[in-house]
Amino acid sequence: MVASTRTNASRATTILTLIIRYEHDIVIARQRSRQIASLLGFDPQDQVRLATAVSEIARNAYTYANGGKVEFVLEDTLQGQSFVIRITDEGPGIADVEGILEGRFKSKGGMGLGIIGTRRLMDYFHLDSTPGKGTTVLLGKRLPPKAPRLDSKDIATIVAELARLPAQTAFEEIQRQNQELMRILEELRVRQEELINLNRELEDTNRGVLALYAELDDKAQHIRRADELKSRFLSNMSHEFRTPLNSILALTRLLLERADGPLTEEQEKQVNFIRKAASDLSELVNDLLDIAKVEAGKVVVRPGEFDVSTLFSTLRGMLRPLLVNPSLNLVFDEPSDIPRLFTDEGKVSQILRNLISNAIKFTPRGEVRVSAALSEDRSSVIFSVSDTGIGIAPEDQERIFEEFTQIEHPLQKRTKGTGLGLPLTKKLAELLGGSINVKSEVGMGSTFSVRIPLTYSETKPQDRKTDLTIDPSRLTVLVVEDDPETMLLYEKYLKKSDFQVIAAQNLTKAREILKSAKPFAIVLDILIPGQDTWGFLAEIKANEETREIPVLVISVLDEKKKGMTLGAEDFWVKPIERNWLLERLRDFQKRRPVKKILVIDDEEISRYLIRSYTSELSCKVIEAPSGKEGIRKAVEEKPEVIFLDLIMPEMDGFETLNELKRNPLTCEIPVIVITSKVLMEEERKRLEDRVTRILSKETASRESVMAEVERILAAKRKEKGL
């Protein structure tokens with residue numbers, strides 16, 4: 001019989017219930033858990049994990065409570081389906097639950113170690129026990145992503161299949177366990193051999209990497225020579241691309257206006273092609289520079305008062321020329337009951353222009369509607385751009401805010417773009433203290449909503465203070481977590497340690513704390529409803545005052561690659577382990593003082609890239625836009641390593657290097673040349689004995705830059721005997 005219960009949050013369907021009275025019932029519970037796991041679509045390894053966990057907890061119920069009950073349940077929630085096993089008993093209960101879960105308690109029979117091991121095998125584990133009233137243990141594991149969603153008919157089929165499966169004897173179960181153990185031992189042996197081979201490879205890494213660089217340089221020499229003219233031009237003129245592009249656009253406009261005589265029909269077509277290509281390239285360059293400036297914190301916000309109705313009127317006239325399709329209407333709803341905004345009107349206009357032009361591009365017929373309304377708390381204006389266009393699939397609605405992402409669609413091929421408009425729009429909205437989201441359905445259209453605060457506020461540290469009770473003898477850890485139970489767990493884990501918790505339930509509170517105190521480390525949950533936690537992580541790493549604070553991302557989502565890319569020191573999938581947390585915090589405690597890297601380059605984007613590449617090294621990056629400024633900062637800051645560009649106005653890289661090597665205060669600092677200039681043989685020889693490495697801007701990557709810096713820092717530590 002299948003029993004079912006429903007709550008507001010989930011639906012739980014009982015598949016099977018077993019009573020534990022005799023020792024043989026433990027064997028049956030193990031068998032049934034494995035059989036049900038197999039029928040639910042779990043792979044053999046997860047089947048063994050589930051069977052082992054159930055066997056261990058059922059044995060505890062039999063040993064300490066003379067029996068109990070095992071219920072196998074399929075739980076259906078909005079987040080997905082899970083296989084949940086509930087094991088209950090009416091025994092004496094457990095007096096020190098916390099001690100067992102933290103690994104501090106062990107009975108003569110070994111109780112406690114089995115519970116800890118079981119907890120590690122499961123996605124979800126909960127133990128509830130009261131002395132004298134028994135114990136309840138919940139074990140849960142999410143169904144595999146590829147497993148189909150099960151309904152009541154599927155559950156009935158599984159129950160019928162279980163009835164047909166015969167119960168095995170204890171001897172047969174032991175045989176099966178031995179087979180599983182043999183298979184696991186064989187896998188461990190294979191992995192051990194792989195680990196040994198990997199260690200051998202790692203031992204040769206230092207020599208191998210250097211040899212590989214040399215080999216790649218030799219093989220690339222012919223290609224660089226063949227492409228010398230183009231590379232030389234790009235290296236010298238890349239920072240001035242916009243000047244010739246603007247000239248091309250201006251000249252083509254003169255030609256199309258027939259300023260110097262008539263054009264044939266074919267000539268006009270050719271000039272239009274040239275103008276379109278130059279315009280596309282100019283848009284790409286401008287978007288790239290805008291994004292780089294926002295990320296580097298170089299964009300200036302110029303707030304001022306303006307009316308939404310005036311803004312809409314301006315946009316209506318500005319965007320009317322884009323409406324070349326008679327089947328499409330652009331409608332601006334007249335705003336009402338909206339006070340004047342005090343923010344950067346130009347950036348709000350740029351945000352709306354990007355969204356409206358996108359909507360026009362991808363709406364073959366119907367309408368694009370622009371509206372504005374006050375938020376419920378009357379602190380912000382919500383601008384909405386709705387269309388009846390092609391729509392966006394749910395799986396693509398986050399990807400569209402990633403740089404250079406363009407969704408495959410026949411209409412997309414006819415309306416080429418850079419893939420930078422929406423990422424730039426998102427960054428501009430966040431710059432003004434707002435946010436952006438999208439609701440869309442394929443074939444039905446999309447609605448982009450941008451929340452902009454009525455008043456732009458760049459809060460200074462002295463304007464916002466938080467009263468924090470801090471023990472000066474302990475290091476502070478800012479924990480950004482919205483779940484009170486998890487926050488309590490952090491406080492218990494760090495109790496009686498060298499660290500103390502500063503709690504923040506949301507990003508607003510976290511930012512407030514960072515204004516008044518600089519924590520030793522930050523623990524960040526990325527699943528906080530309505531909060532852009534990834535943006536907060538990027539914000540921490542982009543801010544010079546917080547960039548050096550190590551961040552541990554701890555969440556139920558396994559997004560390690562993204563977290564590490566954005567600058568997190570480490571990543572852990574919940575449930576959190578106390579020992580791991582303490583070990584990582586103690587590692588941070590042992591760190592040496594922050595090292596300094598000096599980047600001498602007149603190109604802002606190049607300096608930003610080096611800063612981004614070295615963000616994981618906990619180094620302070622100092623920037624100098626000219627050779628003279630670089631020499632001054634090298635003397636003042638005494639960096640561990642200098643990145644030097646060769647092509648700079650006034651004083652180029654060769655002259656700067658000469659001055660650095662002449663000065664006794666800077667002559668010993670290792671210099672890495674990173675340039676887009678194609679070096680002639682004599683130029684390379686001039687540099688070889690004076691610089692540590694020569695990197696190309698075209699081929700340099702995060703890995704190559706980090707490897708060079710780490711090698712230099714490691715050599716310095718070795719010299720000092722550290």
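The values are calculated or read from the model by the stated rules, or taken from the named source; none is laboratory data. No experiment lies behind these values; they were computed from the predicted model shown. Neighbour counts run over all protein chains shown; Cβ positions are idealised from the backbone, glycine included.
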For this session: Kindly indicate whether any position in segment 291-302 is over 30 Å from ARG611 (Cα atoms) and at pLDDT 65 or above.
Result: no
Problem set entry | Top-ranked residue of segment 697-722 - restricted to ones that are touching a strand residue (DSSP E or B) at 6+ places or on another chain (Cβ under 7 Å) and among the small types (Gly, Ala, Ser), ranked as modelled with the lowest pLDDT | ALA700
For this session: Would you mind finding the one in VAL368, VAL381, VAL331 that is in contact with a Leu (Cβ under 6 Å, 6 or more places away or on another chain), assigned to a strand (DSSP E or B) and touching a residue at least 12 places away in the same chain (Cβ under 8 Å)?
Result: VAL368
For this session: Would you mind stating whether GLY391 is at pLDDT 75 or above, in the same structural domain as GLY366 (by TED's automatic domain parsing) and farther than 26 Å from PHE536 by Cα?
Result: yes
Problem set entry | Within segment 640-659, tally of residues that are in a helix (DSSP H, G or I) and of a type in the set (A, V, I, L, M) | 1
Seminar exercise, completed: Inside segment 596-639, the number of residues satisfying the requirement of being outside any loop (DSSP other than H, G, I, E, B) and at positive phi is 0
For this session: For residues that are small (Gly, Ala, Ser) and crowded, with 18+ Cβ neighbours inside 10 Å, scanning just segment 94-143, find the one that is modelled with the lowest pLDDT.
Result: GLY112
Problem set entry | Among (1) farther than 13 Å from LEU524 by Cβ; (2) surrounded by 19 or more Cβ atoms within 10 Å (Cβ to Cβ), the one test that GLY563 misses | (1)
For this session: Output yes when any residue across segment 553-573 is out of contact with any Cys (no Cβ under 6 Å at 6 or more places or on another chain), under 15 Å from THR476 (Cα atoms), in the same structural domain as VAL477 (by TED's automatic domain parsing) and part of a strand (DSSP E or B), and no when none is.
Result: no
Seminar exercise, completed: Given the conditions (1) at pLDDT below 90; (2) surrounded by 14 or more Cβ atoms within 10 Å (Cβ to Cβ), every one holds for PHE332 apart from (1)
For this session: With the checklist (1) under 30 Å from SER449 (Cβ atoms); (2) of a type in the set (Gly, Ala, Ser); (3) touching a residue at least 40 places away in the same chain (Cβ under 8 Å) in hand, flag the one item SER555 doesn't pass.
Result: (3)
Seminar exercise, completed: Counting only residues in segment 46-81 that are among the aliphatic types (A, V, I, L, M) and more than 26 Å from PRO144 (Cα to Cα), the one surrounded by the most Cβ atoms within 10 Å (Cβ to Cβ) is identified as ALA61
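The rows are residues; the columns are (1) touching an Asp or Glu at 6+ places or on another chain (Cβ under 9 Å); (2) hydroxyl-bearing (Ser, Thr, Tyr); (3) free of Cβ contacts under 8 Å to residues at least 40 places away in the same chain.
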residue: LEU566; (1), (2), (3): no, no, yes
residue: GLU604; (1), (2), (3): yes, no, no
residue: CYS619; (1), (2), (3): yes, no, no
residue: ILE642; (1), (2), (3): no, no, no
Exercise. Scanning for something under 28 Å from the mean Cα position of the chain (by Cα), buried (at least 17 other Cβ atoms within 10 Å of the Cβ) and either modelled with pLDDT under 90 or β-branched (Val, Ile, Thr) (or both), does segment 622-630 turn up at least one residue?
Worked result: yes
Exercise. PRO593: modelled with pLDDT under 85, assigned to a loop (DSSP other than H, G, I, E, B) and more than 19 Å from the chain's Cα centre (by Cα), yes or no?
Worked result: yes
Problem set entry | Neighbours by Cβ (under 8 Å, 6+ apart or cross-chain): first from segment 335-348, in contact (Cβ under 8 Å) with a residue 60 or more places away in the chain and under 20 Å from GLY421 (Cβ atoms); second surrounded by 15 or more Cβ atoms within 10 Å (Cβ to Cβ) and of a type in the set (A, V, I, L, M) | ASP344/LEU432; LYS347/LEU428; LYS347/LEU431; LYS347/LEU432; VAL348/LEU311; VAL348/LEU341; VAL348/LEU432; VAL348/ILE452
For this session: Consider ILE338 carefully, then state whether it is touching a strand residue (DSSP E or B) at 6+ places or on another chain (Cβ under 7 Å), of a type in the set (Val, Ile, Thr) and in a helix (DSSP H, G or I).
Result: no
